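Everything below concerns the one structure shown next.
The values are calculated or read from the model by the stated rules, or taken from the named source; none is laboratory data. What you see is a predicted model; the values in this text were computed from it and never measured. In this analysis, Cβ positions are derived from the backbone assuming ideal geometry, glycine residues included, and neighbour counts consider all displayed protein chains.
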Amino acid sequence: GESVGLHLPTLSVQEGDNSIINCAYSNSASDYFIWYKQESGKGPQFIIDIRSNMDKRQGQRVTVLLNKTVKHLSLQIAATQPGDSAVYFCAENAGYALNFGKGTSLLVTP
Amino acid sequence: KAGVTQTPRYLIKTRGQQVTLSCSPISGHRSVSWYQQTPGQGLQFLFEYFSETQRNKGNFPGRFSGRQFSNSRSEMNVSTLELGDSALYLCASSFMSGGSTDTQYFGPGTRLTVL
């Protein structure tokens, strides 16, 4: 069964607002998590990753938070822009493979 | 650096045929993974190769196979195509260290339609 899941299939935010996309995982032994962005007609694009020895990591306009106690991670996007509209996936490593969640479709409205 | 490239980008086949998809990883990357993406099942892992050896395989029937060449390029083959094999097939490569926590970078995918 699926070990990585996102809480919401769709999320609509206004341009300029902050977005938060959530993900829950079930394998407490997972030690590496990645967020990908997939635009229509393209392959998943790496956004940011985090290892289990960290609880927060920041990139350009993005922050990933990892809560190992409740097996939850989130992706925060600051000042969301129309170009951020896409499907976002969280993934966890499982040996030499990635387990992906179903994805959250982020729609940015003007 | 050029990204992961996949050929062809689009394919239309009929049931019972076989198909071969190709993937060229990022220069210097030695690990190549394949995933199937469908609206119903999402992204599912097919198999992973490192230095021409399959290290991991997902839960797919034996009709799905792959291989990796000495230059790290990879191919996957699907025999006796079924309608349910219609999907976006994605290839991802990761850095040469070959660790399980190496970041995977994806290509644009091959859209396979089975009629």
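Of everything in the range A:97-110, what is assigned to a loop (DSSP other than H, G, I, E, B) and either more than 7 Å from chain B (Cβ to nearest Cβ) or acidic (D, E) (or both)? Give them in sequence order.
If the condition is that a residue be assigned to a loop (DSSP other than H, G, I, E, B) and either more than 7 Å from chain B (Cβ to nearest Cβ) or acidic (D, E) (or both), then A:G101, A:P110 are the ones that fit.
If I filter the range A:79-91 for residues that are surrounded by fewer than 19 Cβ atoms within 10 Å (Cβ to Cβ) and hydroxyl-bearing (S, T, Y), do I get at least one hit?
yes
Return the residue satisfying two criteria in turn: it lies in the range B:63-78 and is surrounded by 15 or more Cβ atoms within 10 Å (Cβ to Cβ) and either in contact (Cβ under 8 Å) with a residue 60 or more places away in the chain or within 21 Å of B:G42 (Cα to Cα) (or both), and of such residues it is farthest from the other protein chains (Cβ to nearest Cβ).
B:V78
Please indicate, with yes or no, whether at least one residue in the range A:72-89 is out of contact with any His (no Cβ under 8 Å at 6 or more places or on another chain), under 14 Å from B:L43 (Cβ atoms) and facing chain B (nearest Cβ under 8 Å).
Checked the range A:72-89: at least one residue is out of contact with any His (no Cβ under 8 Å at 6 or more places or on another chain), under 14 Å from B:L43 (Cβ atoms) and facing chain B (nearest Cβ under 8 Å).
Return a yes/no flag: does the range B:97-106 have any residue that is acidic (D, E), at pLDDT below 95 and either part of a loop (DSSP other than H, G, I, E, B) or crowded, with 16+ Cβ neighbours inside 10 Å (or both).
Yes, that holds for at least one residue.
Report whether or not B:S27 is surrounded by 21 or more Cβ atoms within 10 Å (Cβ to Cβ) and either touching a strand residue (DSSP E or B) at 6+ places or on another chain (Cβ under 7 Å) or touching a residue at least 24 places away in the same chain (Cβ under 8 Å) (or both).
Considered against the rule, which asks whether it is surrounded by 21 or more Cβ atoms within 10 Å (Cβ to Cβ) and either touching a strand residue (DSSP E or B) at 6+ places or on another chain (Cβ under 7 Å) or touching a residue at least 24 places away in the same chain (Cβ under 8 Å) (or both), B:S27 comes out as no.
Kindly check whether there is at least one residue in the range A:59-69 that is within 14 Å of chain B (Cβ to nearest Cβ), without any contact (Cβ under 8 Å) to a residue 40 or more places away in the chain and among the β-branched types (V, I, T).
yes
The conditions are (1) modelled with pLDDT under 95; (2) surrounded by fewer than 19 Cβ atoms within 10 Å (Cβ to Cβ); (3) more than 14 Å from chain B (Cβ to nearest Cβ), and A:A94 fails exactly one of them. Which is it?
(3)
Given the criterion over 24 Å from B:Q17 (Cα atoms) and part of a loop (DSSP other than H, G, I, E, B), identify the matching residue among B:N71, B:N56.
B:N71
Name the residues in the range B:80-94 that are away from chain A (no Cβ under 12 Å) and surrounded by 15 or more Cβ atoms within 10 Å (Cβ to Cβ), would you?
B:L81, B:D85, B:S86, B:A87 - these are the residues of the range B:80-94 that are away from chain A (no Cβ under 12 Å) and surrounded by 15 or more Cβ atoms within 10 Å (Cβ to Cβ).
Name the residue that is surrounded by the fewest Cβ atoms within 10 Å (Cβ to Cβ), counting only residues in the range A:21-58 that are in a loop (DSSP other than H, G, I, E, B) and away from chain B (no Cβ under 12 Å).
Filtering first and then ranking leaves A:S28.
Yes or no, residue by residue, for (1) within 10 Å of the chain's Cα centre (by Cα); (2) assigned to a strand (DSSP E or B); (3) of a type in the set (G, A, S):
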site	(1), (2), (3)
B:S22	yes, yes, yes
B:S27	no, no, yes
B:Q36	yes, yes, no
B:G40	no, no, yes
B:G62	no, no, yes
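Considering the range B:1-16 alone, what residues qualify as being in contact with a strand residue (DSSP E or B) (Cβ under 8 Å, 6 or more places away or on another chain) and not hydrophobic (A, V, I, L, M, F, W, C)?
Those that are in contact with a strand residue (DSSP E or B) (Cβ under 8 Å, 6 or more places away or on another chain) and not hydrophobic (A, V, I, L, M, F, W, C): B:G3, B:T5, B:Q6, B:T7, B:P8, B:R9, B:Y10, B:K13, B:T14, B:R15.
Is there any pair linking a residue in the range A:10-28 that is on the phi > 0 side of the Ramachandran plot to one that is surrounded by fewer than 17 Cβ atoms within 10 Å (Cβ to Cβ), with Cβ under 9 Å and at least six apart or on different chains, and which?
From the range A:10-28, the pairs are A:G16/A:A79; A:G16/A:Q81.
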